[in-house]
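**Student:** For reference, the structure I am asking about is given below.
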Amino acid sequence: MHTRTGFAFALAVLSASPALADTCASHYESSGVPLVTGVTYKTWMIFPSVNPNAAFDKVSRAVLAEGFVDVNVEKKLGTLTAQQETSGSGRPQTLRVVVRKNDKGSRVDVVFIVQQGQVAPNMSKNLCRIANAVGE
C-alpha cells in the first residue's frame, strides 16, 4: 500500500515538473531570417510577488547595466525603450521592455529588434538576464 502511495506521489510530482520549470528561456522565441530580414527576439516572465513599480525599477537598472544608450523611460506606462549599436554600421538595435500588472505581481516582456543584415547571438541568455533581474 505504501509503495503505491509513494509511486503515485512521485508520479504526481514529476508530472507537475514542467509547470514548475516555467523559465525565461522556455518563453523565448524569435522571428525573421538572420541577415536576410530584420529579426525580433522576445521573451517574458511572470513574477507573482513583485509589484510592477519595483519590477520596473529593477529592469531599468538591468538595462542600464547592459550598456544601452538613448534609454527612454515611461514609468507610468511601464515601458522602457533603449538603443544599442554594436555592429559599427551606425544602424541601431532596439530593446523594448514592458512591465505590467499580473494578478498581485508583474509580467515583464522583453523584445530586441535587429535590422536586416544584422545578427545578435546569445539573445535568449541576454534577454533573460534583463527579465530575471526582477526576481533578484
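**Student:** I need the calculated FRET efficiency for the pair K76 and V119, taking r as the beta carbon distance and R₀ as 41 Å, to the nearest 0.05. Display every interim value, and only then the final one.
**Tutor:** Working: r = 35 Å, r/R0 = 0.85.
The computed FRET efficiency comes out at 0.75.
**Student:** Sticking with this one: Quick check: from the Cα gyration tensor, does region 66-114 come out rounded (a/c under 1.5), prolate or oblate? Write out the running numbers ahead of the final one.
**Tutor:** Numbers: a/c = 3.71, a/b = 2.47, b/c = 1.50.
It comes out prolate by the Cα gyration axes.
**Student:** Provide the net charge surrounding H27, with neighbours chosen by a C-beta distance below 10 Å and charges set as Lys +1, Arg +1, Asp -1, Glu -1.
**Tutor:** Working: positive: K42; negative: D22, E29, D109.
Taking every other residue near H27 into account, the sum is -2.
**Student:** Could I ask something else about it? Compute the Kirkwood hydrodynamic radius of region 23-135, taking the inverse of the mean of 1/r over all pairs of distinct Cα atoms, and give it in Å to one decimal.
**Tutor:** Details: mean 1/r = 0.0707 Å⁻¹.
Kirkwood hydrodynamic radius for region 23-135: 14.1 Å.
We did not get these values from a lab; they are worked out from the coordinates using the rules stated. A quick note: this is a predicted structure, and the numbers were derived from the prediction, not measured. A quick note on method: Cβ atoms are made from the backbone with ideal geometry, for glycine too, and the neighbour counts reach across all protein chains shown.
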